[in-house]
Amino acid sequence: MWGEPFSPTKEYESVAFSSSELTNGLTYEVYLGGISTGTVNDGLYQGGTYTSGTEVASFTTSGTVTSVGRMGRW
């Protein structure tokens, strides 16, 4: 698994993500739900494990800015 699970404390309608570790041309998945263990700090789980929830989006990076959209709520 790449990255750490994140569980926000409030509802939201959009997410912006930036990382120098994303590789152009690779496909990444976004999951909603699931179960995380470990220590949580400001919504970010560190250590522990993550059992996948439902895949709600996938995207392939194609440049400096890659936009993924979906209408409605996830």
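Tabulated data for the structure shown
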| read-out | value |
| --- | --- |
| Residues satisfying the stated conditions in segment 42-59, i.e. at pLDDT below 85 and of a type in the set (Asp, Glu) | 42 |
| Filtered residues of segment 36-58 (kept if surrounded by 13 or more Cβ atoms within 10 Å (Cβ to Cβ), outside any loop (DSSP other than H, G, I, E, B) and in contact with a Ser or Thr (Cβ under 6 Å, 6 or more places away or on another chain)) | 45, 50 |
| Considering residues of segment 23-40 that are without any contact (Cβ under 8 Å) to a residue 40 or more places away in the chain and among the hydrophobic types (A, V, I, L, M, F, W, C) only, the residue farthest from residue 62 (Cα to Cα) | 40 |
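The values are calculated or read from the model by the stated rules, or taken from the named source; none is laboratory data. All values derive from a computational prediction rather than experimental measurement. Cβ coordinates were reconstructed from backbone atoms using ideal geometry, including for glycine residues, and neighbour counts include every protein chain displayed.
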